[in-house]
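Written below as structure tokens is the structure these notes are about.
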Ligand code: BGC
């Protein structure tokens with residue numbers, strides 16, 4: 001695998017941002033910027049060997065800094081919603097920034113998706129990897145504790161994009177980290193995702209309110225509605241937040257080694273993506289709100305429409321701080337966090 005670095009532009013404060021291209025021995029490539037730890041492009045072959053970029057994104061750094069719905073972004077300190085942007089911890093009430101109605105979504109106004117990460121190329125047992133790191137200070141966006149966090153990307157020769165995370169804190173804090181890539185296996189901007197077949201290895205979901213906040217309930221999947229244990233052609237369902245913007249509890253919970261979470265197949269191109277993770281859950285989001293508030297202009301000038309991309313955001317139960325019995329999205333001092341997610345590609 002090789003990693004090349006080039007300039008991606010400058011922020012308004014003059015800070016330079018880079019774009020890294022990871023290429024594996026089969027010619028697959030991934031482009032990642034250290035602004036927001038964003039996966040900008042991911043080129044993978046179809047059944048004839050033809051490469052296409054399968055993630056939604058922007059052409060330029062300015063496209064990302066202008067604001068976007070977390071396209072490809074590393075999302076934290078807490079991916080997902082904390083209800084009422086509030087929680088109590090050790091007798092103290094913490095008020096977060098409300099950026100989604102009264103709730104805190106994806107870490108607040110300046111989450112990990114908007115930070116400039118320090119970047120280094122490391123060699124891990126003979127494999128070159130891109131390691132991004134940040135220090136997220138105490139009380140940033142209202143959260144307690146200074147968090148040290150790394151995200152390491154590698155494009156392995158078995159056509160796997162590996163994303164490995166580590167984190168530590170000096171005070172107990174809510175913490176839930178994910179990658180928010182929107183995939184489209186027919187090629188970003190070419191088509192919607194309705195021809196994809198989605199399979200998720202989960203027999204229960206995290207029930208939500210109509211504003212998508214978590215209820216602190218875990219319910220069995222419902223046949224024909226949000227049961228994806230057998231492959232589901234997405235066009236066969238009326239997709240809404242309760243079956244296509246929802247957290248699935250994976251059957252084996254948090255694991256030491258990555259386990260199968262989901263498989264997605266796109267019959268026209270033959271592309272298949274398998275998702276493995278050590279995380280206990282995955283948020284399946286079918287891009288329902290793309291361009292709903294304002295046109296979302298993506299790479300090549302294409303306007304992304306609702307259901308033009310899907311996310312499989314591996315993570316824990318976002319609102320664990322308010323519903324501790326539901327998950328472990330809480331980082332403790334002396335209990336460093338590490339987690340790995342694999343997106344593996346093949347064509348049939
Ligand atoms: C959430 C959606 C939200 C989207 C973009 C997803 O992770 O579940 O409700 O609209 O991110 O912010």
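Values in this text are rule-based calculations from the coordinates and carry no lab data. Not measured: the values here are computed from a predicted model. FYI the Cβ positions are ideal-geometry reconstructions off the backbone, even for glycines, and counts take in every protein chain you see.
At-a-glance table
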item	result
Net lengthening on full extension, residue 229/residue 15 (0.36 nm per residue, minus Cα-Cα)	72.5 nm
222 nm mean residue ellipticity, helices alone, for the chain (DSSP H n ≥ 4; -39,500 (n - 2.57); rounded to 500)	-500 deg cm²/dmol
Antiparallel DSSP beta bridges within the chain, percent to nearest 5	100 percent
Peptides 261-268, 20-27 ordered by average Cβ neighbours within 10 Å, highest first	261-268, 20-27
FRET efficiency for residue 346 and residue 92, using Cβ-Cβ distance with R0 set to 35 Å, rounded to 0.05	0.10
Potential extension, residue 25-residue 125 segment - 0.36 nm per residue separation minus Cα distance	34.4 nm
Region 248-330 shape via C-alpha gyration tensor axes, a/c threshold 1.5	oblate
P(r) weight above 17 Å for region 219-284, C-alpha pairs, percent	47 percent
Over region 155-196: Rg over Rh, Cα atoms, Kirkwood Rh	1.16
Cα-derived Rg to Rh of the chain, Kirkwood definition	0.93
Principal axis box of region 75-226, alpha-carbon based, largest edge first, Å	49, 46, 28
Extension reserve of the residue 236-residue 219 stretch, reckoned as 0.36 nm per residue once the Cα distance is removed	3.9 nm
Residues 319, 59 arranged by fewest to most Cβ contacts within 10 Å	59, 319
Cα centroid separation, region 15-68 to region 243-276 (Å)	21 Å
Choice from 227, 293, 113 showing the highest fluctuation, given a GNM over the chain with Cα pairs closer than 10 Å	293
Sites residue 109 and residue 325, calculated FRET efficiency, Cβ-Cβ separation with R0 30 Å, nearest 0.05	0.55
